[in-house]
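Chemist: Let me give you the structure first, and then I'll get to my questions.
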Amino acid sequence: MEPQVISLSSEYSVTTEQAGKLLKLQRGILEQVALGVDYREILDALCKVAEEMVSDSLASIMIYDETGSFLTVLAAPSIPAEAVGALNGLVPSENAGSCGTAVHSNEPQYVVDTRTDHRWCDLQTFVDSFAIGACWSCPIKLEEGRAVGSFALSSFEKRTPSAFYKQLLETSAHIVGIILKLQQEEQLLRNLARYDVLTGLANRTLFNNKLSQALKRAEPQHSQLAVLILGLDGFRDINDTQGHDLGDRVLKWVAEKVQSELAETDFFARLGGDEFVILIEYLDEPLVIERLIRKIHAVFKQKIEVANLEFSLSTSIGVSFFPEDGQSAQELLRNAGTALHEAKESGRNCARIYNEKLTDIVRHRVDLVADMRTALINGDFILHYQPQFCQKSNKLLATEVLVRWQHAEKGLIPPDDFIPLAEQSGLINDLGLWIFTTACQQCKDWWDSGMPEFSLAINLSVKQLDAENIQKFKDILLGMEFPVHNLEVEVTEGLIMRQESLQELKKLEDFGVRISMDDFGTGHSSLAQLKHLPISKLKIDRSFIKDLETNENDKVIVKTIIAMGHSLGLKIVAEGVETVEQQGYLVKQGCDLIQGYLLSRPVPPEQLEALLVQV
Ligand SMILES: [Mg+2]
């Protein structure tokens with residue numbers, strides 16, 4: 001019976017038995033791929049299978065080197081090493097033997113006689129040395145593209161390939177293409193695991209490796225190294241307001257600019273988010289770091305131009321040194337992180353060097369925030385009220401509510417010690433709501449029981465002025481039917497100058513709440529700007545009152561603030577009035593309200609009740 005002829009490709013017709021052999025080969029090799037066998041072993045196995053299918057043949061796989069300029073042998077298990085050596089470096093061209101020509105032309109080349117074929121004319125020495133008679137070669141392609149190499153079968157005799165042999169070559173070349181593609185993808189994955197896709201910098205994993213290796217070198221040589229962590233200040237604002245795409249471009253900008261300031265031996269990586277890290281090895285003297293920090297800060301003095309927008313950004317830097325600040329990669333990174341945290345806390349845009357004391361400070365703060373959370377739950381915060389008296393009638397017209405923390409072990413903690421921390425940790429939202437609710441409820445209860453009314457002044461921090469909090473405040477007031485005309489909020493100059501805060505404050509004002517500017521004179525607002533702001537009260541900062549009896553400048557400033565404030569229709573309060581002389585001067589200038597120890601300290605609720613009853 002004539003064997004049935006089937007077609008595996010459009011070009012060649014092979015018998016069923018031959019097709020079965022090819023499919024078996026394909027399946028066997030791809031199974032090994034699926035099992036995760038090393039790809040070099042698989043390629044060797046493929047060569048051997050092909051050699052078994054073509055008697056007295058030698059299989060070889062060549063691929064382009066990294067530069068893409070010449071071919072090297074990737075697999076040739078049966079070809080002697082000298083021949084492999086002679087083949088390496090073959091430059092693809094029209095006459096570069098079967099393989100070089102196949103790659104150059106991107107087409108199979110079936111050379112039947114190497115001694116007479118023009119494609120082999122330049123390789124006659126090779127033909128003589130290794131007695132090659134015929135050589136058939138097929139290009140290896142990745143996804144139908146340009147040839148990246150060749151799969152070849154050579155023999156010592158002159159030989160014409162049958163359709164089956166041609167099909168075998170093409171099938172083998174195709175399989176090699178699949179394997180190489182998979183290997184490329186694996187490499188890509190390996191790179192992904194070590195490099196940051198956005199900036200192309202090394203990632204945390206690779207940095208950790210590099211740092212560990214550097215420590216192994218540094219230890220026996222007794223050399224110093226430094227780890228610098230950069231944390232971009234205010235980057236989250238850019239992401240939040242301009243979107244992540246733009247934020248990503250800013251990160252790329254930072255990566256490029258900082259990299260350009262580093263020496264070739266410095267290792268730069270992105271830790272994630274807005275944090276970068278630099279490793280400096282073989283440090284002769286710490287001054288190198290000081291200079292580098294200055295260079296990095298200079299980078300951030302430039303305006304960042306991205307997508308036709310300009311941004312200003314700064315960076316805080318934390319530094320740790322080997323061997324002083326840690327022996328392991330983890331320790332050095334952690335301590336540089338601690339120093340970075342400290343730099344951020346000290347006002348950002350600066351650098352801090354780690355030392356043990358720093359850790360204690362940070363630990364203390366972390367503890368305090370945890371305590372604050374517990375205190376909120378346990379009700380360890382209490383409110384005191386500081387009265388403001390009318391300078392004419394001496395009546396109690398207003399009180400500023402002040403929070404105190406009755407700490408179980410540390411005693412009474414003043415607000416200056418925990419409010420900044422509450423702001424940094426975000427706890428201010430919960431604490432602020434508690435103060436707001438408790439104070440409003442307390443006053444409402446007094447008034448409902450027939451006590452005289454007064455203005456309740458509540459301090460608001462910048463962190464509290466967002467749409468969510470403002471809505472909550474309004475809900476609380478509505479919920480308890482609080483007489484809104486009795487409520488004022490105290491905000492600082494810096495806060496009121498922010499456009500977003502101003503918007504939120506206007507919502508409160510529209511609701512009937514009055515706005516009072518706290519600590520006036522310490523910020524940057526001028527009296528001229530005041531008329532554009534939704535305020536009804538000015539509180540002259542205590543620093544102008546302190547030396548009022550003796551300091552002529554302060555006298556002039558206070559007098560001017562009062563006169564100008566009045567001309568704008570504002571009520572003026574003097575804070576921190578402690579002496580009769582200070583009060584005398586303020587009264588003379590027409591200051592409306594007096595607040596300070598002279599007339600009353602901040603008092604607990606029951607004492608305020610007594611004061612109210614006196615009135
Ligand atoms: Mg205040």
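The values are calculated or read from the model by the stated rules, or taken from the named source; none is laboratory data. Just so we're clear, the structure is a prediction, and the values are computed from it rather than from any experiment. Glycine gets a Cβ as well: all are built from the backbone with ideal geometry, and neighbour counts include every protein chain shown. These area figures cover heavy atoms from the full protein model, side chains too; ligands, DNA and RNA do not enter into them. Shrake-Rupley method; radii C 1.70, N 1.55, O 1.52, S 1.80 Å.
Chemist: With (1) at pLDDT below 95; (2) away from the ligand (no atom under 16 Å from the Cβ); (3) open to solvent by less than 20 Å² (accessible area, probe 1.4 Å) as the list, and residue 491 as the residue in question, which single condition is left unmet?
Modeler: (2)
Chemist: Another question, if that's okay. Listed residues 441, 424, 406, 471; which is more than 16 Å from the ligand (Cβ to nearest atom), more than 41 Å from the chain's Cα centre (by Cα), open to solvent by 40 Å² or more (accessible area, probe 1.4 Å) and polar (S, T, N, Q)?
Modeler: 441
Chemist: Further question on the same structure: Residue 310 passes all but one of (1) of a type in the set (D, E, K, R); (2) over 18 Å from residue 276 (Cα atoms); (3) crowded, with 20+ Cβ neighbours inside 10 Å; which number fails?
Modeler: Only one criterion is unmet by residue 310, namely (3).
Chemist: May I ask you to verify whether residue 205 is under 20 Å from the mean Cα position of the chain (by Cα) and loosely packed, with under 13 Cβ neighbours inside 10 Å?
Modeler: So residue 205 passes the test.
Chemist: OK, next. Could you grab me the full set of residues in segment 429-471 that are more than 21 Å from residue 507 (Cβ to Cβ) and part of a loop (DSSP other than H, G, I, E, B)?
Modeler: 449, 450, 451, 452, 453, 454
Chemist: Of all residues in segment 84-140, how many are of a type in the set (D, E, K, R) and open to solvent by 50 Å² or more (accessible area, probe 1.4 Å)?
Modeler: Total meeting the criteria: 5.
Chemist: Under 30 Å from residue 560 (Cα atoms), open to solvent by less than 10 Å² (accessible area, probe 1.4 Å), over 41 Å from the mean Cα position of the chain (by Cα) and not small (Gly, Ala, Ser) - does that describe any residue in segment 501-521?
Modeler: No.
Chemist: A follow-up question, please. What is the residue count in segment 444-460 for residues that are open to solvent by 10 Å² or more (accessible area, probe 1.4 Å) and in contact (Cβ under 8 Å) with a residue 24 or more places away in the chain?
Modeler: Number satisfying all stated conditions: 9.
Chemist: Another question, if that's okay. For segment 524-539, state whether one or more residues are open to solvent by less than 10 Å² (accessible area, probe 1.4 Å) and within 13 Å of the ligand (Cβ to nearest atom).
Modeler: yes
Chemist: Further, regarding this structure: Which residues, counting only those in segment 262-298, are exposed (fewer than 15 other Cβ atoms within 10 Å of the Cβ), under 20 Å from the mean Cα position of the chain (by Cα) and without any contact (Cβ under 8 Å) to a residue 60 or more places away in the chain?
Modeler: If the condition is that a residue be exposed (fewer than 15 other Cβ atoms within 10 Å of the Cβ), under 20 Å from the mean Cα position of the chain (by Cα) and without any contact (Cβ under 8 Å) to a residue 60 or more places away in the chain, then 273 is the only one that fits.
Chemist: Out of all the residues in segment 372-386, is one or more away from the ligand (no atom under 16 Å from the Cβ), more than 33 Å from the chain's Cα centre (by Cα) and open to solvent by less than 30 Å² (accessible area, probe 1.4 Å)?
Modeler: The answer is yes; a qualifying residue exists.
Chemist: Determine which member of the set 55, 60, 9 is out of contact with any Leu (no Cβ under 6 Å at 6 or more places or on another chain), within 19 Å of residue 136 (Cβ to Cβ) and modelled with pLDDT under 85.
Modeler: 9
Chemist: Something else: Looking at (1) open to solvent by 80 Å² or more (accessible area, probe 1.4 Å); (2) within 27 Å of residue 404 (Cβ to Cβ), which one does residue 581 not meet, given that it meets all the others?
Modeler: Single failed check for residue 581: (2).
Chemist: If you take just the helices (runs of 4 or more DSSP H) that sit entirely in segment 502-615, which of them hold at least 2 residues that are touching a helix residue (DSSP H, G or I) at 6+ places or on another chain (Cβ under 6 Å), free of Cβ contacts under 8 Å to residues at least 40 places away in the same chain and among the polar types (S, T, N, Q)?
Modeler: 580-589
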